[in-house]
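Some notes on the structure that comes next.
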Amino acid sequence: MKHLYLIRHAKSSWSDPRLADFDRPLNKRGKRDAPFMGQRLAATSTNFDLIVSSGAKRARKTARLLAREINYPKEAIVYQNDIYTSNLSTLLSVIKKTGNQINALALVGHNHVITECAEWLSGEHLVNIPTSGIAAIRFEIDAWEKVDREAGTLVFFDYPKLHAAPGGGG
């Protein structure tokens, strides 16, 4: 059995228009929401065998904040710049090339492709994975290369605004 966690980066800042999109940091809400979602994962004893993140600054920071909350070593996070500009085909390629010793894979990336991928794999209509949102999908397979359209079951879809303060809303 394989578990895939598709995670959209936390809310980013647009305060410095001189920054390239790739270099935008998290804003205050993003810095609050990413650890909150990590705490929610920790509360359910969710652990990842591997975290792969976009190389964009906001995704890297989101991955590190989540990792801290679930005691995943930040130096073990793998950064792939092609996730930053990826389409569904690229994201599926990343998933399918994952080693089969990995049973719980987390991908930290960007919309629209994170939502598109979650919908394609689960057959669910999610519309939009909001910032800091997580879609967890379970596959009854033994190899990542077998991941296919609607082959997974959506286990949960969670995001900060579903919850009262301190993490949700704002």
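When both region 55-79 and region 1-52 are represented by their alpha-carbon centers, they are found 8 Å apart. Each label point was placed 7 Å from the Cα along the Cα-to-Cβ direction; for Arg68 and Asp21 their separation is 2.8 nm.
Antiparallel beta bridges, as assigned by DSSP with both residues in the chain, represent about 50 percent of the total such bridges. Based on C-alpha pairs under 8 angstrom that are at least 6 apart in sequence, the chain has a relative contact order of 31 percent. Legend: P(r) of region 37-138 from all alpha carbon pair distances, 5 Å bins from 0, whole percents, reading 2, 13, 24, 26, 23, 10, 1. Residue-wise HN-Hα couplings along region 121-138, as the Karplus relation 6.51 cos²θ - 1.76 cosθ + 1.60 with θ = phi - 60° gives them from phi, are 6, 9, x, 8, 9, 8, 6, 7, 8, x, 3, 6, x, 10, 10, 9, 10, 9 Hz; Gly and Pro carry x. Here the Karplus curve 6.51 cos²θ - 1.76 cosθ + 1.60, taken at θ = phi - 60°, turns the phi angles of region 52-68 into couplings of 10, 10, 4, x, 4, 3, 5, 6, 4, 5, 4, 4, 5, 5, 5, 4, 4 Hz, with x standing for Gly and Pro.
Take the alpha carbon gyration tensor of region 7-94, find the square roots of its eigenvalues, order them as a ≥ b ≥ c, and report rounded if a/c is under 1.5; if not, report prolate when a/b exceeds b/c, else oblate.
It comes out oblate by the Cα gyration axes.
The number of Lys pairs in region 27-170 with C-alpha atoms less than 16 Å apart, excluding pairs fewer than 8 positions apart on the same chain, is 10. Atom-type composition of the exposed protein surface of region 44-135 places 46 percent of the accessible area on carbon and sulfur (1.4 angstrom probe).
Solvent exposure of region 1-123, expressed per residue, is 46 Å² of accessible area, with all protein chains present and a 1.4 angstrom probe.
Taking amide hydrogens as placed 1.01 Å from N in the peptide plane, the amide H of Ala104 sits under 5 Å from those of His3, Asp49, Leu50, each at least 5 positions away in sequence or on another chain. Taking the convex hull of the alpha carbon positions in the chain and averaging its projected area over all directions gives 9.0 nm².
Think of it as helices only: each DSSP H run of n ≥ 4 in the chain is worth -39500 (n - 2.57), and spread over all residues that comes to -9000 deg cm²/dmol at 222 nm. Taking a spot 7 Å from the Cα of Trp14 along the direction of its beta carbon, which residues of region 41-69 have an amide N less than 11 Å from it? Label zone hits: none.
The values are calculated or read from the model by the stated rules, or taken from the named source; none is laboratory data. From a predicted model like this one, the values you see are computed outputs, not experimental measurements. Don't worry about glycine lacking a Cβ; one is built from the backbone with ideal geometry, like all the others, and counts go over all protein chains shown. What goes into the accessible areas is simple: the full protein's heavy atoms, side chains included, and nothing from ligands, DNA or RNA. Shrake-Rupley method; radii C 1.70, N 1.55, O 1.52, S 1.80 Å.
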